[in-house]
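Mind looking over this structure? Questions follow.
Please treat every number below as a calculation from the coordinates, not as lab data. These figures come from a predicted structure and were not determined experimentally. Cβ coordinates were reconstructed from backbone atoms using ideal geometry, including for glycine residues, and neighbour counts include every protein chain displayed.
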Amino acid sequence: MDSYPIKIDDPEQTATFACNLIIFSIAAILLYQVSGLGITAGAHRLWAHRSYKAKWPLQLILVILNTVAFQDAAIDWARDHRVHHKYSETDADPHNAKRGFFFSHVGWLLCRKHPEVREKGKRIDLSDLESDPILAFQKKYYTILMPLLCFILPTIIPVVCWNETWTNAYFIPTILRYIFTLNMTWLVNSAAHLFGNKPYDKYINPSENKSVAIFALGEGWHNYHHIFPWDYKTAEFGNYRFNFTTAFIDFFAKIGWAYDLKSVSEDMVRKRVKRTGDGSHELWGWGDTDQTQEERDEAIVMHHYTKDQ
């Protein structure tokens, strides 16, 4: 960090510096958390998997947070993720973990997509997302909105609000926060596909990884998620342990902004665990044509939307 013109024997200046440093650190951490929610609760659970529905105020919040995270427009993010679930660990998987940790973590973004990724990606139905006016607006103006929300405002606000230096404001809550958030998301594609136990299906790569779940706001319970991609919790647990995103969604469900939350019955989970799976993990989310009628019938859908709300 830049040196501040303070005297260590001046209690008042020292206290001011310490206070600013605390505020600065909290702001950077909060920005990482909320921008991460734009991916986990927004691009992932809402738009890629349709595991719950959201009224327009929550959609607007999530699309703003998603833009702050700068991991591509939500429509494009969801397309790649749906392909990933439909063709996991094949050449059509954008970040195929069978090609190694580095490739699945970041290498897939540094080279041309495999022809199979492009071919299979064209077959994924995105009509539900492309018809959404909020997502269409984000995609159309992404090159303007993204720099403003991800880089410019996070740099200007600390300088204006508590007289932070431009260097600190740029490199810590902006660049460091962005790089950290990216890597926490990428760990779901790499570490959570290579390390951990597989209580639901031992025949697939995705694993239960607590460390990833902690840093990715609840996205590390990956063996479960690839079996039941339409569960809004992305995990079996009924509490918020290492799953901040679920708490976020549940809060908005209680105030009526999130509804039709889809989950899995204990009986369905128990049956899956007993069978240890047959490797059929190709659903991209709720409504996929390959989803069985049994799953649809036995799914738990909470907080139904009514016209009176």
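Rounded to the nearest 20 debye, what is the charge dipole size of region 31-130 about its Cα centre when +1 sits on each Lys and Arg Cβ and -1 on each Asp and Glu Cβ?
Here the size comes out at about 140 debye.
Ok, one more. Return the subset of LYS140/LYS198; LYS113/LYS274; LYS120/LYS262; LYS55/LYS202; LYS53/LYS210 for which the Cα-Cα distance in this structure is over 32 Å, preserving the input order.
Over 32 Å apart, Cα to Cα: LYS140/LYS198; LYS113/LYS274; LYS55/LYS202.
Would you mind giving the average projected area, over all directions, of the Cα convex hull of region 106-225 in nm² with one decimal?
10.6 nm²
Using only Cα atoms, tell me the angle between helix 11-37 and the longest principal axis of the chain; keep it within 0 to 90° and round to the nearest 10.
In the chain, helix 11-37 runs at an angle near 20 degrees to the longest axis.
Pick from SER265, SER35, SER51 the residue whose mean-square fluctuation is largest in a GNM of the chain, springs joining Cα atoms under 10 Å.
It is SER265.
Quick one: Kirkwood hydrodynamic radius for region 1-118, alpha-carbon pairs, angstrom, one decimal?
With all distinct Cα pairs of region 1-118 included, I get 17.2 Å.
Cα axis of helix 244-254 to longest principal axis of the chain: angle in degrees, 0 to 90, nearest 10?
Taking Cα atoms only, the helix is inclined about 80 degrees.
If you build a Gaussian network model of the chain, linking Cα atoms that sit under 10 Å apart, which residue out of ILE179, ILE156, ILE255 swings the most?
Among ILE179, ILE156, ILE255, the largest mean-square fluctuation in the Gaussian network model of the chain belongs to ILE255.
Moving to a separate point now. Using only Cα atoms and rounding to the nearest 10 degrees, what angle (0 to 90) does helix 56-69 make with the longest principal axis of the chain?
For 56-69 against the chain, the angle is about 70 degrees.
Mind checking which of LEU187, LEU217, LEU149 has the largest fluctuation in a GNM of the chain, springs on alpha carbons under 10 Å?
Comparing LEU187, LEU217, LEU149 in a Gaussian network model of the chain, the most mobile one is LEU149.
Using the Karplus equation 6.51 cos²θ - 1.76 cosθ + 1.60 (θ = phi - 60°), what ³J(HN,Hα) coupling, rounded to whole Hz, does each residue of region 190-203 give in order, writing x for Gly and Pro?
9, 4, 6, 9, 10, 10, x, 8, 9, x, 9, 7, 7, 9
Tell me the trypsin sites (Lys or Arg not before Pro) within region 30-87 that lie in a loop according to DSSP and have at most 16 other beta-carbon atoms within 10 Å.
Passing sites in region 30-87 are LYS55.
Something else now. Taking the beta-carbon count within 10 Å as an exposure proxy, list PHE215, PHE237 from fewest neighbours to most.
Lowest count first: PHE237, PHE215.
Name the residues whose placed amide hydrogens come within less than 5 Å of the amide hydrogen of ILE300, ignoring near sequence neighbours (fewer than 5 apart) on the same chain.
Residues meeting the amide H criterion: SER263, VAL264, SER265.
When the convex hull of the C-alpha atoms of the chain is computed, what volume per residue in Å³ does it have?
Dividing the Cα hull volume of the chain by its residue count gives 157 Å³.
State the answer as a single residue: which of ALA216, TRP286, GLN71 lies farthest towards the positive end of the charge dipole of the chain, with beta carbon charges of +1 for Lys and Arg and -1 for Asp and Glu, about the Cα centre.
TRP286
Where Rh is the Kirkwood radius over the Cα pairs of region 195-285, the temperature 37 °C and the viscosity 0.692 mPa s, what D in µm²/s does Stokes-Einstein return?
Answer from the Stokes-Einstein relation: 243 µm²/s.
List the relative contact order of the chain as a percent without decimals, with contacts defined as Cα pairs under 8 Å and 6+ residues apart.
21 percent
Another one. Mind putting a number on the dipole of the chain about its Cα centre? Charges go on the C-beta only, +1 for Lys and Arg and -1 for Asp and Glu, and I need it in Debye to the nearest 20.
420 debye
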